[in-house]
């Protein structure tokens, strides 16, 4: 995450309540917003485990 309380944290490690806040208030424009929206969907649907193979790289 490039800014805010969770600056420096991987997007995949952002807590669900923070992603939910973005979903309610609006995601940033551009690629960051698209990635945050994707992370929100993965978290909301309990699919964050899909990222585990990528973490092992």
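As a proxy for reagent exposure, ranking 39, 1 by other Cβ atoms within 10 Å from fewest up yields 1, 39. Specify which labelled value, from (1) 4.0; (2) 4.9; (3) 4.2, agrees with mean projected area of the Cα convex hull in nm² derived from the coordinates of the model shown. Looking at mean projected area of the Cα convex hull in nm² for this model, the match is (1).
None of the figures in this text is laboratory data; all of them are computed from the coordinates on show. On a predicted model such as this, the values are computed, not experimentally measured, just so you know. Reconstructed Cβ throughout: ideal geometry from the backbone, glycine too, with neighbour counts over all protein chains shown.
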